[in-house]
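The following block contains the structure, expressed as structure tokens.
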Amino acid sequence: MFIEMAKIFLFAVLFVFVEAVPKPHPRLGKDVIQKVACTSANERLRNEIIEKSKCREPKEVFVYLTPPSAHEQVIPSAVWVKRCVGICDYEAEGSSCASTNTVKKAISIRIYNVKTKKETCSTYQIDEHRSCGCCNLSSGECGMSRIYNPRKCTCQCPNMEERRNCLRKRNQNMRWNRFKCTCEERRRRIQ
């Protein structure tokens, strides 16, 4: 009888304990927004977060290194490198934080070949950002004939010599089309 009572008591304690454990939020894994009254302290904290998040100096970020081939492993597989990250919301619409000065950084690595089970020492060249700015363009938005210049955050024609030659022919009714990167005959105005 005593054992039966102890089992019932233990079951009751476990039931109360399980009910007391906080339940996960229905949107498990997502951040939850908790509404609070707006105060000057909240405003100050929000402004501090915005200032820290702006696109300014490069920040250390974790970058995974890509192995040279599928049967090789790079050790270390990831490193901390300075990159341009941050918000540009207060700049021109659609702008993003981009590097305005990039250098190659050599990282000492080991490459393990899974097939041969051998290791070799090597260096891995990775881009490290030195300065940042808010740009409206990325390298994929320049089009076929132009290339992205990160220092100026613009798309430019790669054939600068052709451009110089074309500009010399201005008095010959020629003009440089900076979107097509070609020298064209100027359209005559109809009067």
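The values are calculated or read from the model by the stated rules, or taken from the named source; none is laboratory data. Predicted model only: the values in this text are computed from it and were never measured. Neighbour counts are summed over all protein chains in view; Cβ atoms, including those assigned to glycine, are modelled from backbone coordinates with ideal geometry.
Yes or no: region 108-131 includes at least one residue that is assigned to a strand (DSSP E or B), among the small types (Gly, Ala, Ser), in contact (Cβ under 8 Å) with a residue 60 or more places away in the chain and at negative phi.
yes
Now for a separate question. Could you check region 50-68 and list, in sequence order, the residues that are farther than 17 Å from Ile126 by Cβ and modelled with pLDDT of 90 or more?
Result: Glu57, single match.
Would you confirm whether or not region 56-69 contains a residue that is surrounded by 12 or more Cβ atoms within 10 Å (Cβ to Cβ), among the hydrophobic types (A, V, I, L, M, F, W, C) and under 14 Å from the mean Cα position of the chain (by Cα)?
yes
Name the residues in region 71-88 that are assigned to a loop (DSSP other than H, G, I, E, B), modelled with pLDDT of 90 or more and among the hydrophobic types (A, V, I, L, M, F, W, C), would you?
Selection gives Cys84, Val85.
Please identify the pairs in which a residue from region 52-79 that is in contact (Cβ under 8 Å) with a residue 60 or more places away in the chain and on the phi < 0 side of the Ramachandran plot has its Cβ atom under 9 Å from the Cβ atom of a residue that is among the hydroxyl-bearing types (Ser, Thr, Tyr) and surrounded by 12 or more Cβ atoms within 10 Å (Cβ to Cβ), counting only partners at least 6 apart or on another chain.
Sorted first by the residue in region 52-79, then by its partner, the pairs are Cys55/Ser95; Cys55/Ser96; Glu57/Ser131; Pro58/Ser99; Pro58/Ser131; Leu65/Tyr124.
Which of (1) at pLDDT 85 or above; (2) surrounded by 14 or more Cβ atoms within 10 Å (Cβ to Cβ); (3) among the acidic types (Asp, Glu) is the odd one out, the single condition Glu91 does not satisfy?
Going through (1) at pLDDT 85 or above; (2) surrounded by 14 or more Cβ atoms within 10 Å (Cβ to Cβ); (3) among the acidic types (Asp, Glu) one by one, Glu91 breaks only (1).
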